[in-house]
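Here is the structure we will look at, set down as structure tokens.
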Amino acid sequence: MGFSHKHLLGIESLRPDEITTLLDLADQYVDLNRRDVKHSDALAGLTQINMFFENSTRTQASFELAGKRLGADVMNMAMQASSIKKGETLIDTAMTLNAMHPDLLVVRHPHSGAVDLLAQKVNCAVLNAGDGRHEHPTQALLDALTIRRAKGRLHRLNIAICGDIAHSRVARSNIILLGKMENRIRLIGPPTLMPSEISAFGVEVYEDMEQGLKDVDVVMMLRLQKERMDGGFIPSEREYYHRYGLDADKLAHAKDDAIVMHPGPMNRGVEIDGEIADDINRSVIQEQVEMGVAVRMAAMDLLAQNLRANPTVEV
Ligand code: NCD
């Protein structure tokens, strides 16, 4: 039991009971964040550095707020797109920062595997804030917390993940997490946006939204990741919206109490109808943002506890 990791690099290495431990602690931080005085000393005296080699608004803000609410000294490094260089430069940057004795390093990088590589070179705890198409563990954890609070459980649910699966680290981390917790996962999207290794995931695959959404409890929409596309993946955004955009007609095939999720940022009118996104009876998109801060507080708290207790715990 407990949470015995030095880093949070992905969902892959977490056991179901560790996921539950983290979500239970996050629930407590949701309560703290709703109070007038939102402060704890869990990270007091520790230094947190955020290194985002890819643009981010909500994830970076969420990690920053999480660290500040726990009393850490938080620094944001502005890593412009132009400074993204090859492996050696990333490691050099990491070694330079390492020499300043940070305790928590939060890293987003456009290359899959870059954050794992970096974690091998530094002494501090590393949190993956999204690496290429690989993993985005805190997003999957915040989605899991949102689902658990809305549905009262995180197992035996029918969950549809829809749209641009191939380019999505959010989808990948969610498939792993929701699979570990024994949910039934359906992926819905055009074949051009399905990853080639899909059969290894143990999921059902649908090309048609209406069929795929039938009787699901959770509808998770994904952003069309235009910046990661280099060919003709979709005929046009209009056509995509017509076939795969979530609107009231398509949502009517899900269960009456199905919730609608989106990690943000949203392309309204491309993957989701603006009215559905804003419908407080169905959409939990704002809750996802709220849960994000709490989940990141829980993750950093657990890693800091391990750092303090045993600097050589397992990776
Ligand atoms: C996601 C990401 O960056 O992977 N967004 C986020 O974390 N806020 C999803 C996306 O960019 O579509």
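The values are calculated or read from the model by the stated rules, or taken from the named source; none is laboratory data. Computed from a predicted structure; not experimentally measured. Here Cβ is always computed from backbone atoms with ideal geometry, including for glycine, and neighbour counts include all displayed protein chains. To get the accessible areas, we keep the full protein, side chains included, count just its heavy atoms, and leave off ligands, DNA and RNA. Shrake-Rupley method; radii C 1.70, N 1.55, O 1.52, S 1.80 Å.
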Original post:
Regarding MET297, is this residue outside any loop (DSSP other than H, G, I, E, B) and within 16 Å of the ligand (Cβ to nearest atom)?
Top reply: no
**OP:** Would you check which residues across the range 271-286 are acidic (Asp, Glu) and touching a residue at least 40 places away in the same chain (Cβ under 8 Å) and list them?
**Re:** GLU271
Original post:
Does LYS38 qualify as being more than 25 Å from GLN225 (Cα to Cα), more than 16 Å from the ligand (Cβ to nearest atom) and open to solvent by less than 40 Å² (accessible area, probe 1.4 Å)?
Top reply: no
**OP:** Report, by residue number, each residue of the range 4-50 that is touching a Ser or Thr at 6+ places or on another chain (Cβ under 8 Å) and either modelled with pLDDT under 95 or of a type in the set (A, V, I, L, M) (or both).
**Re:** LEU8, ILE11, LEU32
Subject >> the range 204-239, subset open to solvent by less than 30 Å² (accessible area, probe 1.4 Å) and touching a Gly at 6+ places or on another chain (Cβ under 8 Å), residue nearest to the ligand (Cβ to nearest atom) >> reply: LEU222
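Acidic (Asp, Glu), in contact with a Phe, Trp or Tyr (Cβ under 8 Å, 6 or more places away or on another chain) and either farther than 19 Å from ARG34 by Cβ or not assigned by the TED database to the domain that holds ALA26 (or both): does that describe GLU271? Steps first, please.
Values: acidic (Asp, Glu): yes; in contact with a Phe, Trp or Tyr (Cβ under 8 Å, 6 or more places away or on another chain): yes; either farther than 19 Å from ARG34 by Cβ or not assigned by the TED database to the domain that holds ALA26 (or both): yes.
Criteria met by GLU271.
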Original post:
Residues of the range 173-227 being within 19 Å of the chain's Cα centre (by Cα) and among the polar types (S, T, N, Q), which ones?
Top reply: SER173, ASN174, ASN183, GLN225
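Test ALA304 against the criterion of being away from the ligand (no atom under 16 Å from the Cβ), farther than 24 Å from ARG148 by Cα and assigned by the TED database to the domain that holds ASN33, and give yes or no.
On the way: away from the ligand (no atom under 16 Å from the Cβ): yes; farther than 24 Å from ARG148 by Cα: yes; assigned by the TED database to the domain that holds ASN33: yes.
Yes: the conditions hold for ALA304.
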**OP:** Output the number of the condition that ALA94 fails; it satisfies all remaining conditions of (1) outside any loop (DSSP other than H, G, I, E, B); (2) in contact with a Lys or Arg (Cβ under 6 Å, 6 or more places away or on another chain); (3) of a type outside the set (D, E, K, R); (4) within 16 Å of the ligand (Cβ to nearest atom).
**Re:** (4)
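When you look at VAL30, is it crowded, with 20+ Cβ neighbours inside 10 Å and not acidic (Asp, Glu), yes or no? Break it down stepwise before answering.
Values: crowded, with 20+ Cβ neighbours inside 10 Å: no; not acidic (Asp, Glu): yes.
Considered against the rule, which asks whether it is crowded, with 20+ Cβ neighbours inside 10 Å and not acidic (Asp, Glu), VAL30 comes out as no.
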Subject >> the range 205-225 residues that are in the same structural domain as PRO265 (by the TED database), paired with ones that are of a type in the set (Asp, Glu) and surrounded by 15 or more Cβ atoms within 10 Å (Cβ to Cβ) (beta carbon under 6 Å, 6 or more apart) >> reply: MET221/GLU271; LEU222/ASP164; LEU224/ASP164; LEU224/GLU271; GLN225/ASP164
**OP:** Taking only the range 114-148 into account, find how many residues are more than 16 Å from ASP103 (Cα to Cα) and away from the ligand (no atom under 16 Å from the Cβ).
**Re:** 4
Original post:
Considering only the range 31-54, how many residues are in contact with a strand residue (DSSP E or B) (Cβ under 9 Å, 6 or more places away or on another chain) and not hydrophobic (A, V, I, L, M, F, W, C)?
Top reply: 5
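Is one or more of the residues making up the range 252-269 open to solvent by 30 Å² or more (accessible area, probe 1.4 Å), part of a loop (DSSP other than H, G, I, E, B) and touching a Ser or Thr at 6+ places or on another chain (Cβ under 9 Å)? Reasoning before the result, please.
Of the residues in the range 252-269, the ones open to solvent by 30 Å² or more (accessible area, probe 1.4 Å) are 252-253, 255-257, 265-269.
Within this subset, residues satisfying the condition of being part of a loop (DSSP other than H, G, I, E, B) are 252-253, 255-257, 265-267, 269.
Applying the additional criterion that residues be touching a Ser or Thr at 6+ places or on another chain (Cβ under 9 Å) yields 265.
Checked the range 252-269: at least one residue is open to solvent by 30 Å² or more (accessible area, probe 1.4 Å), part of a loop (DSSP other than H, G, I, E, B) and touching a Ser or Thr at 6+ places or on another chain (Cβ under 9 Å).
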Subject >> Which numbered condition SER62 misses (of (1) closer than 22 Å to ARG308 by Cα; (2) surrounded by 18 or more Cβ atoms within 10 Å (Cβ to Cβ); (3) modelled with pLDDT of 95 or more) >> reply: (1)
